[in-house]
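**Student:** Before anything else, here's the structure in question.
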Amino acid sequence: MDGPIAPWLNLDAVRADFPILSEKVRGKPFTFLDSGASAQKPRQVIGAMVRMMETAYANVHRGAYHMSEQATEAYELSRVAVATFLNAGDSREIIFTGSSTNAINLVAHSYGRGVMQPGQAVVISEMEHHANIVPWQMARDAHGLELRVCRITDSGELDLDDLAAKLADGRVGLVAVTHMSNVLGTVTPAAQIARMAHEAGAKVLFDGSQAAVHRRVDVREIDADFYVFTGHKLYGPTGIGVLYAKGALQEVMPPFLGGGDMISEVSFERSVWAPYPAKFEAGTPPIIEAIGLHAAIDYVNAIGMPAIEAHERALVDRAMARLPQIEGVTLLGRAQDRGGVFAFALDTAHAHDVATLLDRAGIAVRSGRHCAEPLHERFGVESTCRASFGLYTTPAEVDLLADALHQAREFFR
Amino acid sequence: MSGGLFDDLRDLYQEVILDHGRKPRNFKRLDDADRTARGDNPMCGDRMELFVKLAPDGHIEDAAFQGRGCAISMASASLMTDTVKGKTQAQARLMGENFRALAMTGVCPECGGEIADDMERLAPLSGVHDFPSRVKCATLAWHTLNAALDGGAKEASSE
Ligand SMILES: Cc1ncc(COP(=O)(O)O)c(C=O)c1O
């Protein structure tokens, strides 16, 4: 592999851990540049899930027998691993959900409708994923909340002056913003946002679906009240997401879904909620997925977040050196602090046509609006292609993309 | 790199399609349209508005569209508006049905008879059947046409 490879990350060894990367697409090597949508899975994750099903599976919290106790212990150990991953102070602050989307909906119900008062406001931003827009619109309509949208700058950074203005009247109950844009790659200044929110008497939620994959996250250092991420983007399985929520908040939040496991007493007259976080985990949870997520976190930790960050920085530098040089390519967003996600448009061709061409070269990129329709409107573009990097992405793949884009432009001229 | 990386895509992006995609025909609003409908592929960002003007006897006198989208969706709308002009609504719907079969399978057993010549003009789009995620780009215009024709069913004149 040519190009500057971060010496601290053994790329060949990493790639060998991901069986799918040796697949061929139409006879060409599979160049997967869509990790931002969902990442590939290493053997370690696949193996842990299979092993669980083959040797240690039963429902959790329900059986007074060996297998169930073992499964329960493994499930709870995953919670501890997630807590450590986010540097939460207490593993009870980790709620397992089905995805980021589920986690945000949980907050929108239990905090937005359950704790906030009608007339209070929620602040989101112009660069949110639909998962962090729609639940708040629903809470607004059902509960009389106000929804405020913080502007972003032309370079794709959160406009902090506008955030201050949106917070000024003291009616904001929650700031819910992305920690890293899934379109622009922008990493937001979480600690500063949290400080501003708290000074205005608001709580803060970060959508860390992208950030948690690319950066070390310390929920106590940034002082997040809620932090959300999703397993499948972190090299783990689908079907599991994480909500970090401070204990004091979980204490006052009513449950979201009702069912088994979330109660300590049930009669036909009334039920008594189980202590948190069980209160928020109704029904049989994603047990196998939690084991897979634990394995994914172990995998990432074994490589080390500093190495992953450094590797990504090298890829970002490479992409920034190559992509803007291609005639006719426009990049969306030029944030100073950014991760390995690049949305771009080509002057001679629509994003879908570009994606079809790239696919011929074995290159998988996403095309469309990436669940961020308002953001595309903000930049006045109908749709874009998006290349997003993972820890297995090579500098040569970035070059391949750049070369193919150049040829794609020629093709459509 | 050599220039031929995408040569095998010429089946999909035939010159006709690139041409209609770049310079779509009938790309305008019809202010006196009798039927209009919007077509939207939310996932792709393809959007179009279709205008149909009907003659007193109900046949399609004129058709035009506006919108934005990929080369396939624009070329398909361009070719469609060209071919349905002068057709009865029933003929247009039949062509649409057969076009969808053509786009999905690459062949069209029912494309003979009175619509044979018109289907021949649409044939360059049959290449999409190899690209499952792109089939809906090609069929969007025809779905929109059906919606437009359905939309005014109450006032539909004789067929
Ligand atoms: C920033 C961001 N938020 C939320 C989500 C939603 O994640 P999920 O679909 O796993 O709920 C995604 C990814 O799709 C994302 O990129």
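The values are calculated or read from the model by the stated rules, or taken from the named source; none is laboratory data. This is a predicted model, so every value here is computed, not measured. Cβ: placed from backbone, ideal geometry, glycine included. Neighbour counts: every protein chain shown. Protein only, heavy atoms only, side chains kept; ligands, DNA and RNA dropped before computing areas. Shrake-Rupley method; radii C 1.70, N 1.55, O 1.52, S 1.80 Å.
**Student:** I need a count of the residues in region A:362-397 that are open to solvent by less than 10 Å² (accessible area, probe 1.4 Å), of a type outside the set (S, T, N, Q) and within 13 Å of chain B (Cβ to nearest Cβ).
**Tutor:** 9
**Student:** What number goes with the only condition from (1) of a type in the set (A, V, I, L, M); (2) crowded, with 22+ Cβ neighbours inside 10 Å; (3) more than 22 Å from the chain's Cα centre (by Cα) that A:L158 does not pass?
**Tutor:** That leaves (3) as the condition not met.
**Student:** Could you check A:S267 against (1) within 16 Å of the ligand (Cβ to nearest atom); (2) open to solvent by 10 Å² or more (accessible area, probe 1.4 Å); (3) among the polar types (S, T, N, Q) and say which number it fails?
**Tutor:** Among (1) within 16 Å of the ligand (Cβ to nearest atom); (2) open to solvent by 10 Å² or more (accessible area, probe 1.4 Å); (3) among the polar types (S, T, N, Q), A:S267 violates only (1).
**Student:** Also, quick follow-up: Need pairs with beta-carbon distance below 6 Å; first residue more than 18 Å from A:N105 (Cα to Cα) and within region A:138-159, second part of a helix (DSSP H, G or I); sequence gap 6+ or separate chains.
**Tutor:** Listed pairs, sorted by first residue: A:C150/A:D162; A:C150/A:L163; A:C150/A:K166; A:R151/A:D162.
**Student:** Tell me which residues, restricted to region A:103-112, are touching a residue at least 40 places away in the same chain (Cβ under 8 Å) and surrounded by 24 or more Cβ atoms within 10 Å (Cβ to Cβ).
**Tutor:** Matches in region A:103-112: A:A103, A:I104, A:L106, A:V107, A:Y111, A:G112.
**Student:** Considering only helices (runs of 4 or more DSSP H) fully contained in region B:58-137, which possess at least 3 residues that are farther than 25 Å from B:R35 by Cα?
**Tutor:** Here the list reads B:89-105, B:116-122.
**Student:** Filter region B:9-39 for residues that are without any contact (Cβ under 8 Å) to a residue 60 or more places away in the chain and either in contact with a strand residue (DSSP E or B) (Cβ under 7 Å, 6 or more places away or on another chain) or assigned to a strand (DSSP E or B) (or both) and give the result.
**Tutor:** B:N26, B:F27, B:K28, B:R29, B:L30, B:D32, B:A33
**Student:** Kindly indicate which of B:G69, B:G127 is within 14 Å of another protein chain (Cβ to nearest Cβ), at pLDDT below 95, under 17 Å from B:H20 (Cα atoms) and surrounded by 24 or more Cβ atoms within 10 Å (Cβ to Cβ).
**Tutor:** B:G69
**Student:** Separate question: With the requirement that a residue be assigned to a helix (DSSP H, G or I) and either among the acidic types (D, E) or within 16 Å of the ligand (Cβ to nearest atom) (or both), what does region A:87-123 give you? Steps first, please.
**Tutor:** Filtering region A:87-123 for residues assigned to a helix (DSSP H, G or I) gives A:91-93, A:100-113.
Residues satisfying the conditions are A:E93, A:S100, A:T101, A:N102, A:A103, A:I104, A:N105, A:L106, A:V107, A:A108, A:H109.
**Student:** Which of (1) closer than 20 Å to A:Q120 by Cα; (2) within 11 Å of the ligand (Cβ to nearest atom) does A:G239 not meet, given it meets every other one?
**Tutor:** (1)
**Student:** Still on this structure, please answer the following. Does region A:365-374 contain at least one residue that is more than 16 Å from the ligand (Cβ to nearest atom) and not basic (K, R)? Even if it seems obvious, please write down each step before you answer.
**Tutor:** Step one: filter region A:365-374 for residues more than 16 Å from the ligand (Cβ to nearest atom), giving none.
Within region A:365-374, not a single residue is more than 16 Å from the ligand (Cβ to nearest atom) and not basic (K, R).
**Student:** Still on this structure, please answer the following. Pull up region A:55-86, narrow it to residues that are over 22 Å from A:P275 (Cβ atoms) and not in a helix (DSSP H, G or I), then point me to the one that is farthest from the ligand (Cβ to nearest atom).
**Tutor:** Only one residue fits best here, namely A:Y65.
**Student:** Pairs only if they're at least six apart or on different chains, beta carbon under 6 angstrom, first in region A:120-135 and within 14 Å of chain B (Cβ to nearest Cβ), second near the ligand (Cβ under 10 Å from one of its atoms); list them, first residue then second.
**Tutor:** Qualifying pairs under 6 Å: A:H130/A:C371.
**Student:** While we're here: Given the criterion among the aliphatic types (A, V, I, L, M), within 26 Å of A:I193 (Cβ to Cβ) and modelled with pLDDT of 95 or more, identify the matching residue among A:A74, A:A81, A:A88. Let's see the steps before the verdict.
**Tutor:** Working: A:A74 fails: within 26 Å of A:I193 (Cβ to Cβ); A:A81 fails: within 26 Å of A:I193 (Cβ to Cβ).
So the residue among A:A74, A:A81, A:A88 that is among the aliphatic types (A, V, I, L, M), within 26 Å of A:I193 (Cβ to Cβ) and modelled with pLDDT of 95 or more is A:A88.
**Student:** Within region A:271-304, work out how many residues are assigned to a loop (DSSP other than H, G, I, E, B), closer than 16 Å to A:E76 by Cα and not hydrophobic (A, V, I, L, M, F, W, C).
**Tutor:** Selection size over region A:271-304: 8.
**Student:** Of the conditions (1) within 15 Å of the ligand (Cβ to nearest atom); (2) surrounded by 24 or more Cβ atoms within 10 Å (Cβ to Cβ); (3) away from every other protein chain (no Cβ under 14 Å), A:V187 clears all except one; give me its number.
**Tutor:** Here A:V187 clears every test but (2).
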